[in-house]
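Asker: So that we are looking at the same thing, I have put the structure below in structure tokens.
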Amino acid sequence: MRSYDFTPLTRSAVGFDRLFSLLESASRAEPAGWPPYNIETTGENQYRIEIAVAGFRPDELNVEAKENVLVVTGRKTANDQGEGRQFLHRGLAERDFERRFQLADYVVVTGARLENGLLSLDLERQLPEALKARRIPIVPAGAETIDAKAETKKLKSA
């Protein structure tokens, strides 16, 4: 695998530390194959992550979002029915797992459900009002706005 050195960029770019650390960790990370998952977009600011967790019950799964990282863990509890069972082939994975996803700023998990062996996590980008684009009305020169007229009346009556 090819590795990249971002040191020259960090000398002149200020405030991109998180981006560079994400790129470095992504280049070092080994691809994990289990459990398989899908990431899809369901709208302009909506996303869904589906993770195949066949054999896990809801109480054996944990979903936690903290500091732009979504962590999904599965801890298989001891199977009491395993005693006395004799398998000719054991193809269902019953091992513990931890799957991490880096979330962009303002992306929050809005729901989680387990159905037919798929854990579906709904995510949404929720921008604060201060960051959303807003339209600024343009007033022709010489025209007063309603607020300016109200201020003028207040000053005259005082």
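The values are calculated or read from the model by the stated rules, or taken from the named source; none is laboratory data. Treat the numbers as computed from the prediction; the structure is a model and nothing was measured. Here Cβ is always computed from backbone atoms with ideal geometry, including for glycine, and neighbour counts include all displayed protein chains. Side chains included, ligands, DNA and RNA excluded: accessible areas come from the protein's heavy atoms. Shrake-Rupley method; radii C 1.70, N 1.55, O 1.52, S 1.80 Å.
Asker: Can you go through Asn62, Asn45 and tell me which one is of a type outside the set (Phe, Trp, Tyr), in contact (Cβ under 8 Å) with a residue 12 or more places away in the chain and farther than 29 Å from Lys132 by Cα? Spell out the reasoning first.
Answerer: Values: Asn45 fails: farther than 29 Å from Lys132 by Cα.
Among Asn62, Asn45, only Asn62 is of a type outside the set (Phe, Trp, Tyr), in contact (Cβ under 8 Å) with a residue 12 or more places away in the chain and farther than 29 Å from Lys132 by Cα.
Asker: Turning to a different aspect of this structure: Test each condition in (1) of a type in the set (D, E, K, R); (2) within 30 Å of Arg18 (Cα to Cα); (3) open to solvent by 100 Å² or more (accessible area, probe 1.4 Å) for Asp96 and report the one that comes out false.
Answerer: (3)
Asker: Further, regarding this structure: Tell me, yes or no, whether region 40-47 has at least one residue that is at pLDDT 90 or above, under 20 Å from Val72 (Cα atoms) and not hydroxyl-bearing (Ser, Thr, Tyr).
Answerer: yes
Asker: Sticking with this one: So for region 74-92 (the condition being on the phi < 0 side of the Ramachandran plot and in contact (Cβ under 8 Å) with a residue 40 or more places away in the chain), does at least one residue qualify?
Answerer: Within region 74-92, the subset on the phi < 0 side of the Ramachandran plot is 74-83, 85-92.
Still in the running and in contact (Cβ under 8 Å) with a residue 40 or more places away in the chain: none.
No; the residues of region 74-92 include none that is on the phi < 0 side of the Ramachandran plot and in contact (Cβ under 8 Å) with a residue 40 or more places away in the chain.
Asker: If you go through region 80-92 one residue at a time, do you hit one that is closer than 30 Å to Leu127 by Cβ and hydrophobic (A, V, I, L, M, F, W, C)?
Answerer: Filtering region 80-92 for residues closer than 30 Å to Leu127 by Cβ gives none.
No.
Asker: Among what's in region 70-91 and is open to solvent by 100 Å² or more (accessible area, probe 1.4 Å) and among the basic types (Lys, Arg), pick the residue that is modelled with the lowest pLDDT.
Answerer: As a first pass, look at region 70-91 and keep what is open to solvent by 100 Å² or more (accessible area, probe 1.4 Å): 75, 80-81, 83, 85-86, 88-90.
Going one step further and asking which of them are among the basic types (Lys, Arg), we end up with 75, 85, 90.
Working: Arg75: 91, Arg85: 76, Arg90: 79.
The residue in question is Arg85.
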